[in-house]
Amino acid sequence: MPPGAGRLGEPRHHFVEVGSTNDEARRLATDGAPHGTTVTATSQTAGRGRQGRVWVAPAGQALTVSIVLRGLRHPALLPLAVAVAVAETVGDDARIKWPNDVVFVGDDGALRKVAGILCEGRPAEGWAVAGIGLNVALDLADVPDEVAARAATMGRSADELEPVLAELLERLTAALDREPADLLHAWSARDVLAGAEIAWERPGGGDPGAGVADGVDAQGRLLVRTDVGVEALDAGEVHLVRR
């Protein structure tokens, strides 16, 4: 945490309904909101993930939170720090799927998403926003079938959203203070893709690829062993595809 910075969660702006907590946190950051400013919502009407994907969460069943962060010691590792904090909050069985999902592994080997992460920012202006959607008390019957087939929940009750938020902010504070080697070790211990065959596409243009996932580097890039060597994938340039 930067010297003299406020605690995560203070000040807090809560909305019964908002388009996107990340959009609101970005607006606040642009207006000079201090480190730790937190936006939460009971319901989002335009929740989003990476590359414009929609985040679906029934009102009052998921934690939707975005946090303004300033003075980060290792900004490139922010997505990894957030993922570690979220996974630790979810529990021992939680695994991390690069670049932005926290998942459970089903008995059938399928990955079911319990949380999504969206980190955005303006490095030149010295701020970032960490957005988190966490299925604390999700009832899978309340979401479309195609979402339910890939989703998971912590299985907690709706009245536990606030305690879960408090734990998450505490764990994120600790994760942001970790040294890079320690953070990478914690992330790698939950890396669900390690040793798995993966494929990727480049939405902005460029050749697709395939290989075997081999952890992340000090910039948070996914390392993949391919037939021609090791390639480092940047989350902003690729998305993984199912094989």
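Exposure check, 1.4 Å probe, all protein chains in place: Val18 carries approximately 20 Å² of accessible surface.
Does the stretch 198-243 come out rounded, prolate or oblate by the C-alpha gyration tensor, with a ≥ b ≥ c the root eigenvalues, rounded set by a/c under 1.5 and, if not, prolate when a/b is larger than b/c and oblate if not? It is oblate, given that a/c is not under 1.5 and a/b is not larger than b/c. Within the assembled protein chains, the solvent-accessible surface assigned to Leu140 is about 70 Å², based on a 1.4 Å probe. For the chain, taking Cα atoms only, Rg and Dmax work out to 17.3, 52 Å respectively. For the stretch 24-42, the residues whose amide N sits under 19 Å from a probe point set 7 Å from the Cα of Arg122 along the beta carbon direction are 24-39.
The accessible-area ordering, largest first, of the residues Thr38, Thr153 stands as Thr153, Thr38, per a 1.4 angstrom probe. Fully extending the segment from Ala166 to Ala76, taken as 0.36 nm per residue of separation minus the present Cα-Cα distance, adds 29.9 nm.
Accessible surface area normalised per residue over the chain is 47 Å², counting heavy atoms of protein chains with a 1.4 Å rolling probe.
The local environment of Ala59, defined by Cβ-Cβ distances under 11 Å, has a net charge of -2 under the rule Lys, Arg +1 and Asp, Glu -1. Between the C-alpha center of the stretch 106-172 and that of the stretch 67-87 there is a gap of 15 Å.
The values are calculated or read from the model by the stated rules, or taken from the named source; none is laboratory data. Please read these numbers as outputs of a predicted model, since none were measured by experiment. For neighbour counting, all protein chains shown are included, and Cβ atoms are generated from backbone atoms with ideal geometry for every residue, glycine included. Accessible surface areas use protein heavy atoms only, side chains included; no ligands, DNA or RNA. Shrake-Rupley method; radii C 1.70, N 1.55, O 1.52, S 1.80 Å.
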